[in-house]
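All of the numbers you see were taken from the coordinates with simple rules; none came from a lab. The structure presented is a predicted model; accordingly, all values stated were derived computationally and were not measured. Note that we place each Cβ from the backbone using ideal geometry, even for glycine, and neighbour counts take in every protein chain shown.
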Amino acid sequence: MDKILEIKNLVTGYQGKDGFVNAVDGVSFDIERGETVCVVGESGSGKSVTSMSIMRLVEFENGKILSGEIKFNGEELTTKNNEEMRDIRGSKISMIFQEPLTALNPVFTIGKQITEAILFHHKIGKKEAWRRAEELVRLVGISDPKSRLKQYPHELSGGMRQRVMIAIALASEPELLIADEPTTALDVTIEAQILELLRGLRRDRNMSIMLITHDIGVAAEMANRIIIMYAGKIMEIANTEDLFDQPLHPYSQGLLESVPRMDGERGVPLNSIKGSIPRLNEVPKGCRFSPRCPFATDKCRNELPPLETRGNRQVACWRVDYLLENNLLHSQTRG
Ligand code: ATP
Ligand code: MG
């Protein structure tokens, strides 16, 4: 097994308006080379903060990594200085964001922006950089690259702009691509195309992908393994098939049940989990999901369940044995 990323007990906090809170609170997981891992969870569960911690971007946003390890190819990232991180960011690890956050520079053509990214990482001439830019643009599925490269961001559709962002992220030939909700701003057809593009990149380049999504349906299509996050903690980690076959955490089960049916309206869950994610300054002292969990006991409310290994998966739930014995955990597909 060749691990590209190993995260141990990561704690990342923010100074917010309600005081200092741990947005990511003791998170541990790995990503293997060539693997696609999806991080799934409701809004506010700490998915973006996890990725921003890996990129060491939290410091630029009044955040701080308080403890833990982040090893990339065996190298510890949490102790790197700014300059060292700049070399890693956007070269060995690239990140694409949800479109509204990204902003291509409106005053430069996309050709200029892609070639700049290429020139930043490779010691080659301008002409060669343009040639490679054409190649990249074609790779991300944009036809007629020559004329596209001369266009400005506002001349492109949202889907095209996201493709350009992916081309820029790929300019450095990263080993790990972190994609934070890369398709939420796009319509379903374009989303499918972008996801297909990511699948192809993984296949052809043996790139590792960490894909963040609130949509477990997307995770089902994309992931080798799925990490379920809730209120700053990991609830469950499992191979995609295993998770869909048999969720081990009541929260995972709730997410699976909220997958919209194919004939349903997109984004309208059949059965959403009742209640809402706790504010970080008032998380329950036991299991963070306990206030919403139909199976919670006093122990769940008072003692934090550790993320424990069960075979080739991990789950943080005091009730898992009881729930399995009584056949109370099942996925929607099994009925
Ligand atoms: P979403 O699906 O909405 O993107 P998420 O899982 O990515 O949600 P995060 O953005 O990681 O959630 O946020 C986790 C928590 O950290 C939130 O409660 C948020 O308020 C807090 N947080 C994130 N960024 C900051 C910041 N810059 N300052 C203060 N708090 C922050
Ligand atoms: Mg986010």
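Overview of results
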{"quantity": "Estimated distance in nm for a label pair at residue 309 and residue 135, the labels positioned 7 Å out from Cα along Cα-to-Cβ", "calculated": "4.1"}
{"quantity": "Computed E for residue 3/residue 246 - FRET, C-beta separation, R0 25 angstrom, nearest 0.05", "calculated": "0.45"}
{"quantity": "Peptides ranked, highest mean first, by Cβ atoms within 10 Å: ranges 15-25, 245-255", "calculated": "245-255, 15-25"}
{"quantity": "For residue 229, distant residues with modelled amide H under 5 Å away", "calculated": "40, 41, 235"}
{"quantity": "Residue-span extension gain [residue 15 to residue 81] - 0.36 nm each, minus C-alpha spacing", "calculated": "21.6 nm"}
{"quantity": "Residues whose placed amide H lies under 5 Å from that of residue 30, excluding near-sequence neighbours", "calculated": "7"}
{"quantity": "Cβ charges +1 (Lys, Arg) and -1 (Asp, Glu), total dipole of the chain, debye", "calculated": "640"}
{"quantity": "Residues whose placed amide H lies under 5 Å from that of residue 36, excluding near-sequence neighbours", "calculated": "209, 224, 225"}
{"quantity": "Difference of contour (0.36 nm per residue) and Cα-Cα distance, residue 28 to residue 328", "calculated": "105.3 nm"}
{"quantity": "Neighbourhood net charge (11 Å Cβ-Cβ; Lys/Arg +1, Asp/Glu -1) for residue 238", "calculated": "-1"}
